[in-house]
Amino acid sequence: VLIKNRKALRTKSVKKLVQSVNPKYVWLLSGAPVSRLYDDMWAQLNILDPNRFSSYWRFAEKYCYVEQSQWGWQVIGNRPDAAERLKEDLEDIYFARTQEQVLDLPEWIFDDLHIRMGKEQDKIYGQMEDKFIAELGDGQVLLAPNVLAQMMRLVQLASNPILVGGKDTSTKWDAVEEILEYEKLPVIIWTNFVKTAELLQKKLETKYRVGILTGESKSEDRQSTVDKFQQGELDVIIAHPGVGKFGFTLTAAKTAIYLERGFSGDNYYQSLHRIRRIGTTERPHVIHLISDRMNGTGTVDRVIDKILKSRVENVKMLTQGELKSIFEEVKNG
């Protein structure tokens, strides 16, 4: 999972270590061999057999669509038959088994809850979407200087304007409190922003025993929080996927609520599998909260949902052999 980026220092360090030690065997273990596209596999394969997998672009062109733009060559998508060809071509070096093949685990229960924004939240979101600028009230103005900044602001505004200095007005945050009234505890609430976790903790701790796992959490406190959750001493953990996706077992959770999600396939896929693993005894209920505009059209939440589902399918096709079309248009309404 951590050595998919061929340019990353970590990847280069692992390659250098393998070359210097020259071990008889090297095993690379991953629950998700790709994050976005199948070119993610090249860095891993290059470490295992640098002579056979010497050219990144030759590998990318074989299994992905590649095009040249003003910024250079770019990988833009997987070829439709790439998953099956990869498994055939790599049968001597790549071995995959799914949870379903090796464990008898309860099936998931997935629900997508579309929640329409309130009037004020919808107005601010619409301004940012249309004009790259939004009025937050009291003379405050939120500006996005480019598209990347705009996307981040839209994710924040689709959650709650308070994240960018606006008012605390969010039907999605209200929905979390309602869901906790009838869902089985304990619950994990996955958030994309530290500020969300901190503010939501204050809202919920008057009624529930709440723990928090974010980048601000001290390393020595993280395992303690997980242990309390697993032992039934906490009702709710509010966690950032970047912190909670590796190493932690959270099988005590009966419900996982995705209040916010980013574009990282690794963050989503790995966090999802914290609750369904050895030790899971009940069907995990996973709830995706998706903000919609007041008129029913989609927001950036819907775009993220489509992207993450396609990335999960990429992994499934490499491990299960289920060849499905993953190129879907994001539709409004």
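The values are calculated or read from the model by the stated rules, or taken from the named source; none is laboratory data. Keep in mind that this is a model prediction, so the values were computed, not measured. Here the Cβ positions follow ideal geometry from the backbone for every residue, glycine too, while neighbour counts run over all protein chains shown. Ligands, DNA and RNA are stripped out before the accessible areas are found, and what is left, the full protein with its side chains, is counted by its heavy atoms. Shrake-Rupley method; radii C 1.70, N 1.55, O 1.52, S 1.80 Å.
Annotations for the structure displayed:
- Candidates R52, R293, R85: whichever shows maximal mean-square fluctuation once the chain is modelled as a Gaussian network with Cα springs under 10 Å: R52
- Across all directions, the average projected area of the convex hull around the alpha carbons of the stretch 1-123 is 13.0 nm².
- By accessible area with a 1.4 Å probe, ligands and nucleic acids excluded, highest first: order of K254, K218: K218, K254
- Helix 300-320 axis, angle to the chain major axis (alpha carbon atoms, nearest 10°): 30 degrees
- Percent of Cα-Cα distances greater than 19 Å, calculated over the stretch 160-215: 26 percent
- Set K12/K87; K15/K195; K131/K218; K167/K218; K87/K254 screened for pairs whose C-alpha atoms are more than 32 Å apart: K15/K195; K131/K218; K87/K254
- Set against the labelled values [x] 32; [y] 36; [z] 40, percent of Cα pairs over 31 Å apart computed from this structure falls on [z].
- Accessible surface of the stretch 266-305, 1.4 Å probe, proportion on carbon and sulfur as whole %: 50 percent
- DSSP assigns beta bridges within the chain; of those with both partners inside it, close to 30 percent run antiparallel.
- Label-zone membership for the stretch 117-146, site K203, 7 angstrom Cα→C-beta point, backbone N under 17 Å: 117-122, 125
- The accessible-area ordering, largest first, of the residues L86, L103 stands as L103, L86, per a 1.4 angstrom probe.
- Near the amide H of G211, within less than 5 Å, lie the amide hydrogens of V236, I237, I238, all on another chain or at least 5 residues away, with H placed in the peptide plane.
- In a reduced charge model with +1 at each Lys and Arg Cβ and -1 at each Asp and Glu Cβ, the stretch 60-130 shows a dipole moment near 260 debye about its Cα centre.
- Tail beyond 15 Å, pair distance distribution of the stretch 34-82 (Cα, percent): 45 percent
- FRET efficiency, 1/(1 + (r/R0)^6) with R0 35 Å, evaluated for Q101 and S54 via beta carbons: 0.60
- Cβ crowding within 10 Å averaged over residues, with 255-268, 113-126 ranked highest first: 255-268, 113-126
- The GluC sites (Glu not before Pro) of the stretch 187-221 meeting both criteria, a DSSP state outside H, G, I, E and B (loop) and at most 16 other C-beta atoms within 10 angstrom of the site's C-beta, are E205, E216.
- Protection proxy ranking, highest mean first, for peptides 72-80, 279-287, 149-157: 149-157, 279-287, 72-80, where packing is the per-residue count of other beta-carbon atoms within 10 Å, averaged.
- Per residue, the chain exposes 52 Å² of accessible surface when a 1.4 Å probe is rolled over the protein heavy atoms with every protein chain present.
- The figure for S224 is an accessible area of roughly 50 square angstrom, using a 1.4 Å probe on the protein chains alone.
- Potential extension, S219-K62 segment - 0.36 nm per residue separation minus Cα distance: 52.3 nm
- Each listed q (0.10, 0.11, 0.16 Å⁻¹) maps to a log10 I(q)/I(0) for the stretch 112-203, found by the Debye formula over equal Cα scatterers with no solvent: -0.28, -0.33, -0.67.
- Heavy-atom accessible surface of the stretch 98-187: percent carbon and sulfur, 1.4 Å: 52 percent
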